[in-house]
Every structure is written in structure tokens, then in C-alpha cells.
Amino acid sequence: MKFLAASLMAVTAIVLLLGDNHAGEKAKYTIKEVMKDAHKGGLMKKVADGKADDTEKKKLVELYKALAQNTPPAGDADDWKTKTTALVDASTKAAGGDAAAAATLPKLANCAACHKAHKK
């Protein structure tokens, strides 16, 4: 079991380090589209509850990566990066089968905290 956990962490680290560098690229989804699909549409909750299939998990990772590529309409850009990076990391781990990471998604996707800091 320890080997599996260590392997999963190593693979996740490699993916994050060697993943596509999207700096300067236009995000595939707008913030509004991410909120609609991931949060209002219930995808994040489905992943967090362990009820999502692999395609849905990958979709959530894709949405959160796009969210991180967007510029916040208000607030501190470093805070935005911190919050969105945490969502990308947790959703990536959840897509890899990490139930503990999936369970953290609702807390990380705290609507009120993010909206207070970054929504106009």
C-alpha cells in the first residue's frame, strides 16, 4: 500500500513538473464556463463523492487547468494562482484515484472565499 501511495505521488509530481506549460496561452474555458460545468453542474461534487468515472475526472482537471490560466477579474493574482493551483493539484490526484484528495475538493472550491476575493 505504501508503494502504491508513493508511486502515485511520484507520478503526480512528474505530471505537474513536466506538464504542458500554458503560460501565455488562452484558456480553453472561461471562468464562467468552469463555474457552470464544475460547480453549478455538479461535476466537482461528483468527483469529491467518488461517483465520477474517469472521463468526468479528466474533465474536471481540464476545467481547473483552464481556470488557472484565466486572469481573475479582481483581487491579487498570487492569491488566484495559489487557489487555482490547489484545485488543479487536488483534481489531478483525484483523477489518479486518490480519494483523500477528492474529498478536499469542496473545501478548496470554497465559493464564498474565492468570490469575495476575485469576483467583481
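At-a-glance table
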read-out	value
Subset of the range 38-68 (residues that are over 16 Å from Ala101 (Cα atoms) and acidic (Asp, Glu))	Glu62
Where Val88 falls short, out of the listed (1) free of Cβ contacts under 8 Å to residues at least 24 places away in the same chain; (2) hydrophobic (A, V, I, L, M, F, W, C); (3) under 20 Å from Ala113 (Cβ atoms); (4) in contact with a Lys or Arg (Cβ under 6 Å, 6 or more places away or on another chain)	(1)
Count - residues of the range 89-120 that are of a type outside the set (Gly, Ala, Ser), part of a helix (DSSP H, G or I) and more than 9 Å from Ala48 (Cα to Cα)	10
Members of the range 24-54 found to be charged (D, E, K, R) and in a helix (DSSP H, G or I), listed by number	Lys32, Glu33, Lys36, Asp37, Lys40, Lys45, Lys46, Asp54
Counted residues, the range 80-102 - those being loosely packed, with under 15 Cβ neighbours inside 10 Å and of a type in the set (A, V, I, L, M)	2
Any hit, the range 69-85, residues being at pLDDT 95 or above, part of a helix (DSSP H, G or I) and aliphatic (A, V, I, L, M)	no
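The values are calculated or read from the model by the stated rules, or taken from the named source; none is laboratory data. Computed from a predicted structure; not experimentally measured. Cβ sites come from the backbone with ideal geometry, for glycine too, and all protein chains shown count toward neighbours.
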